[in-house]
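Notes follow the structure.
The values are calculated or read from the model by the stated rules, or taken from the named source; none is laboratory data. Everything quoted here is computed from the prediction, not taken from an experiment. No Cβ is skipped: glycine too gets one built from the backbone with ideal geometry, and neighbour counts run over all protein chains shown.
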Amino acid sequence: MTLSEQMTENLDFIQRAVAESQAINAIQHHIEKDLLSAPYLLSEPYLRLRLRSAGQWLRRMNGGGVRPPGSLEEGIRADLLLLIHRSGVMQLTVALKMPDNITVEQYREMAFGSSEVVVASRVSEPVLAAAYGKRAELLLAGEWESGLEEGVRWRLARHDSPASVYDLFDLYFDAITYIIKSKTAGDWQCYPAAFVDKVACCESEDSFRGVHERELESAISRHDMSEIRPGFTAAMIPEDSSMTRNSSLYCNMASSLEVRWPGSRNGEFAQHLQRLVIFENALIQYWQIRLLDRRVGVTDGSLSQVRDIQREAIFGLREYRDSSISFGTARDLVERLLEEWRADRLYSHVLESVDQLQQLVVAAESERSAKRANVLAGIALIVAIFLGLPAIDDTLKIAKDVEMGGFLGIFLKPFHALASRGEEGTWIGYVIFLSSVLVCSLTLMFKRRRKPRTWRRREPGIAWPLGTVSIERQDDSQDG
């Protein structure tokens, strides 16, 4: 291959890759313009990125059959879409196609993020290098494929025991946190959203429900409904949230399922993205209030940290209250999901915590004011000490001129005795004044620093006065 041909091939690849990436971003942008409010979008609240895809080989193949050992036919591509919100919430969407023509039981095997259904995986070198670093060669299973694809090497690994979508999420999550230099989050949530694009076994929704009502309930709940008591069936099956007759949408706090009925146009990835934008908005709001609840509960009591937390809570609560969804039915769906996730309780707890933080601020300001008052009082005391000598001299002069007879003379007799001794009496009075001030100051300091006496609590329970009681359990086999 000549250099010119190589350049042409690389240019074609770049154009295809950019066009494919821009197509998904363009679809998402178009959906967001219809669903989200314009001021919210203009504020650029989040960043969307399309990451490198990954190859997955599921245990089930088209038709529901089990994949033969070592077979790499009918592999699927897992598209990964990243959303990073300004509040710190990160969402990673893993979109993959399930096998065609499978039963409800086989669907339920794959309906959970923890379902171990992946028998082989194919991941690009940049993702593996970011996730594992220099230890990649030592820790990774499988082998590198020959040649390059999309300009990088790819590693194919056959799993001895089936992996899950959780494992793929963990891999990309480690790579993302390494690239953005972020700490690993304490917890996360998986929300499976399944889309049935075509129902081929029946001619209409009514005929399907008449024959497969129990199977539909099992697909919605992801449980075998034959094992569920009749009284709990209604609680496990949410109401249909679809506005049109062409499809049905069932979603609750754990998962969602959309079914397109016979006679309607087959579902497309763009329609799936429209649902996903709604679910993303609900999850962002829920995790915003959840992060705020965690943030306001962690403080070392310092005034600067309390003020920072208050500022974060104020802006976070304002964004949480201002719903970004402008379409009525989509907003109703978001509110219903938030209600099931108990977001209102978290909201009330955040408000209560913010009030408690305000009390900490008020207490700290009161303590500062008290310290300031003490400093001013100390300064006033020092001034009084230095100015006390002339005042004592004047007092003794006045006491000396007062006659000692009568009832008043009894109280003035000590002052008269000091006054009769001249300057020596003045200094004696000054020393007595300083001693009184010192004794009062030491008394106040001792009372402030003295710790309350703590009494040792008794252990809970009743003390047995007659020694130790041992209780032995006798097996049924030893019963006489």
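Counting just the residues of the range 254-268 that are among the small types (G, A, S) and in a loop (DSSP other than H, G, I, E, B), which one comes out modelled with the lowest pLDDT?
Ranking the candidates gives G267 first.
Would you check which residues across the range 19-29 are more than 18 Å from L47 (Cβ to Cβ) and either touching a Lys or Arg at 6+ places or on another chain (Cβ under 9 Å) or at pLDDT 65 or above (or both) and list them?
At the first step, the residues of the range 19-29 found to be more than 18 Å from L47 (Cβ to Cβ) are 19-20, 23.
Of everything in the range 19-29, those that are more than 18 Å from L47 (Cβ to Cβ) and either touching a Lys or Arg at 6+ places or on another chain (Cβ under 9 Å) or at pLDDT 65 or above (or both) turn out to be E20, A23.
Return the residues of the range 202-216 that are assigned to a loop (DSSP other than H, G, I, E, B) and touching a helix residue (DSSP H, G or I) at 6+ places or on another chain (Cβ under 7 Å); say none if nothing qualifies. Working first, answer last.
Kept after step one, since they are assigned to a loop (DSSP other than H, G, I, E, B), are these residues of the range 202-216: 202-204.
Passing the criteria: only C202.
Determine, yes or no, whether G301 is at pLDDT below 80, farther than 23 Å from T244 by Cβ and in contact with a His (Cβ under 9 Å, 6 or more places away or on another chain). Let's see the steps before the verdict.
Working: at pLDDT below 80: yes; farther than 23 Å from T244 by Cβ: yes; in contact with a His (Cβ under 9 Å, 6 or more places away or on another chain): no.
For G301, the condition - at pLDDT below 80, farther than 23 Å from T244 by Cβ and in contact with a His (Cβ under 9 Å, 6 or more places away or on another chain) - is not met.
Could you say which residue among L273, L257, L292, L283 is buried (at least 19 other Cβ atoms within 10 Å of the Cβ) and without any contact (Cβ under 8 Å) to a residue 60 or more places away in the chain?
Working: L273 fails: without any contact (Cβ under 8 Å) to a residue 60 or more places away in the chain; L257 fails: without any contact (Cβ under 8 Å) to a residue 60 or more places away in the chain; L283 fails: without any contact (Cβ under 8 Å) to a residue 60 or more places away in the chain.
One residue alone meets the criteria, L292.
Can you tell me which residues in the range 225-253 are in a loop (DSSP other than H, G, I, E, B), surrounded by 13 or more Cβ atoms within 10 Å (Cβ to Cβ) and touching a residue at least 24 places away in the same chain (Cβ under 8 Å)?
The answer is S241, N252, M253.
Given the conditions (1) surrounded by fewer than 14 Cβ atoms within 10 Å (Cβ to Cβ); (2) touching an Asp or Glu at 6+ places or on another chain (Cβ under 9 Å), report the number of the one that V196 does not fulfil.
V196 satisfies every listed condition except (1).
Cβ-Cβ under 6 Å, sequence separation 6+ or interchain: first residue in the range 187-216 and assigned by TED's automatic domain parsing to the domain that holds D240, partner surrounded by 14 or more Cβ atoms within 10 Å (Cβ to Cβ) and basic (K, R). Which pairs?
Close Cβ pairs satisfying both conditions: D197/R260.
For the range 91-112, name all the residues that are closer than 24 Å to E213 by Cβ and not in a helix (DSSP H, G or I).
So the first thing to find is which residues in the range 91-112 are closer than 24 Å to E213 by Cβ, and the list is 98-112.
If the condition is that a residue be closer than 24 Å to E213 by Cβ and not in a helix (DSSP H, G or I), then M98, P99, D100, N101, I102, T103, A111, F112 are the ones that fit.
Residues to consider are L360, L337, L276; find the one that is over 19 Å from the mean Cα position of the chain (by Cα) and under 25 Å from H29 (Cα atoms).
L276
Considering K183, K198, which residue is under 30 Å from V277 (Cβ atoms) and at pLDDT below 85?
Details: K198 fails: at pLDDT below 85.
Step by step, each of K183, K198 is checked, and only K183 is under 30 Å from V277 (Cβ atoms) and at pLDDT below 85.
For the range 33-67: of the residues being of a type outside the set (D, E) and at positive phi, which is nearest to the chain's Cα centre (by Cα)? Steps first, please.
Pass one, the range 33-67, residues of a type outside the set (D, E): 33, 35-43, 45-67.
Within this subset, residues satisfying the condition of being at positive phi are 63-64.
Values: G63: 40, G64: 38 Å.
Once the filter is applied, the top-ranked residue is G64.
Hey, among the residues in the range 54-84 that are among the polar types (S, T, N, Q) and surrounded by fewer than 17 Cβ atoms within 10 Å (Cβ to Cβ), which one's farthest from L41 (Cα to Cα)?
Applying the first criterion (among the polar types (S, T, N, Q)) to the range 54-84 yields 56, 62, 71.
Okay, now just the ones that are also surrounded by fewer than 17 Cβ atoms within 10 Å (Cβ to Cβ), so 62, 71.
Values: N62: 41, S71: 46 Å.
So the residue we want is S71.
Taking only the range 113-129 into account, find how many residues are part of a loop (DSSP other than H, G, I, E, B), small (G, A, S) and over 20 Å from E215 (Cβ atoms).
Pass one, the range 113-129, residues part of a loop (DSSP other than H, G, I, E, B): 113-117.
Add one more test, that the residue is small (G, A, S), and what stays is 113-115.
Within this subset, residues satisfying the condition of being over 20 Å from E215 (Cβ atoms) are 113-114.
The number of residues fulfilling the criteria is 2.
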